[in-house]
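In what follows, a structure is listed as structure tokens, so that the remarks can point back to it.
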Amino acid sequence: MLKQSLQQKLLQKLSPQQIQMIKLLELPTLQLEQRIKKELEENPALDEGQDEEEDVLSDVDQNENENDDSKDDDEFSLEDYMEDDDDTPAYKLTTNNTSKDDDHKEIPYSAAKSFQEHLSEQLMLKELTDREKLLAVYLIGNIDDDGYLRRELDAIVDDIAFSQNLTTSVDELQNVLEIVKELDPAGIGAQSLQECLILQLERKENQNVNVKTAKKILLECFDEFTKKHYPKIMSKCSLNDVELKSAVDVILKLNPKPGSSFGEPQTRSIQAIVPDFILDIQSNKIEISLNSRNAPELKINKSFAQMLEEYASAKNSGRSNKDAVVFIKQKIDSAKWFIDAIIQRQNTLLFTMNAIADFQKGFFLSGDETNLKPMILKDIAEITGLDISTISRVANSKYVSTPYGNYSLKYFFSEGMQTDTGEEVSTREIKQILKDCIGAENKSKPLTDDKLAEILKSKGYQIARRTVAKYREQLDIPVARLRKEL
């Protein structure tokens, strides 16, 4: 027997505008520009420029029951956005936004050669059978941007059998790979860093004693070399200090990523930093503004709005006319939602950035990183009254231009700790001291984490060795042994 029961649940639903605003809030300036461009292309009711503050929908409501004559000439024609068929479902009216008169332009692209094309062209200069060329091209296609063949040959054998219907073997592929390794730049096609460096040494015309010693170190003591166990290398290879240093200098001049030396502008993504905020100091006061690229002027397209009035007041009240009115209203509503979301985004960004600047006033007025105060998302959320998730979205991928350079907003957020005098300091201040200590250390005898902890304690920072290690790793600084130099 089935039982029915009532259950009450409290659910929070976000409006379409709230969802739109949340998504826009996360975008950095460059992505915001792309998003606005996309909206302008898809919605004919949206236009660039200052809003003339016309309440379009209220005018339409007043005229809906009037029978005024429509104008003969419209800048827009609904036929560009709707089908003539009266039986067109309403849902299609909200998606067909492409004008038949749109000027479709091809997107320009870089005509530079790809890394794989550069290698394949070199194959043409070698005397190879058709089969060898086919296998070599397939191997080149599996070489990554760093220049390595990281896939196992037996897996490539299976791929060739499946995609090319060609039976080969690991031995045959290995022979062809040796041909590929002869291509430029030296080190291409290696399956490990060790092999990559050795290939480069073998190409050196001047095979002097230092080059030969360097090759011996890589062949016999590669693990010790990567861990900078120099005494073990000297013992194992019977080298003195001078011989070791000369050989290591040769190795350090090799390229661990030979593929990266070949430019590929069409495949390499180099993202320039475009600040979202501009922070200036005037008369010892902080002034913050949005980057003009971050504050576009948008408005409702006047011609499109007039079209809505005309269709709403037209004598013809057939199905097609009603669908036209619904379509235009939807587009205008969507445009208004988007404009409001952009304005709300701008206000939220400025509100939050002003709170951050006020909290970190000591730093922004001086540029001294030691003046940065401990600050977490919750601090700014409490100041602004905004949700922590909103502060997080503002801080994510946003940058501010200051007299001291561009800074990520995330840079200003850090945990804090107390000194032995009870003063609260930012962990960023401690990390800066660590960087300074390591930067000034004797590289032949680098400071261990224990020694760094002692130095910090002498300066009043009671920090355990494991905490020093954690901060050092966050700064991408290797352990003392790997910082050692000859």
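Values in this text are rule-based calculations from the coordinates and carry no lab data. Quick caveat: nothing in here was measured; it's all calculated off a predicted structure. So basically every Cβ, Gly included, is an ideal-geometry build from the backbone, and we count neighbours across all protein chains shown.
If you look at the Cα atoms of the stretch 329-477, you get an Rg and a Dmax of 19.9, 74 Å.
Cα-Cα pairs above 14 Å in the stretch 436-486: how many percent?
Here the long-distance tail beyond 14 Å is 49 percent of all Cα pairs in the stretch 436-486.
Counting beta carbons within 10 Å around each of T213, T352 and listing the fewest first gives the order T213, T352. Pairs from the table (K410/K451; K228/K445; K232/K253; K126/K181; K38/K410) lying more than 24 angstrom apart at Cα are K410/K451; K38/K410. Along its three principal directions, the equivalent ellipsoid of the stretch 321-393 from the Cα gyration tensor extends over semi-axes of 42, 12, 7 Å, largest first.
Run the numbers for Y404 and L125: contour at 0.36 nm per residue of separation, minus the present Cα-Cα distance, in nm.
95.1 nm
Estimated at 0.36 nm per residue, the fully extended path between Q207 and D184 surpasses their Cα-Cα distance by 6.4 nm.
Fewest-first ordering of E26, E41 by other beta carbons within 10 Å of each residue's beta carbon gives E41, E26. Projected onto their three principal axes, the Cα atoms of the stretch 276-412 cover extents of 73, 29, 21 Å, largest first. Each principal axis of the stretch 193-261 carries a Cα extent, and these read 34, 25, 16 Å when sorted largest first. Using the Cβ-Cβ distance between K322 and I343 with R0 = 35 Å, the FRET efficiency computed as 1/(1 + (r/R0)^6) comes to roughly 0.65. Relative to the current alpha-carbon distance between C437 and R293, full extension at 0.36 nm per residue lengthens the span by 47.8 nm. Each of N371 and R483 was given a label point 7 Å from its Cα along the Cα-to-Cβ line. The distance between the two points is 2.8 nm. Going from the fewest other Cβ atoms within 10 Å to the most, the residues F359, F364, F162 appear in the order F162, F359, F364. Geometric descriptor of the stretch 115-180, per residue, is 80 Å³ (volume of the convex hull of the Cα atoms).
The dipole here belongs to the stretch 193-261: it is taken about the Cα centre, uses +1 on the Cβ of Lys and Arg and -1 on the Cβ of Asp and Glu, and is about 80 debye.
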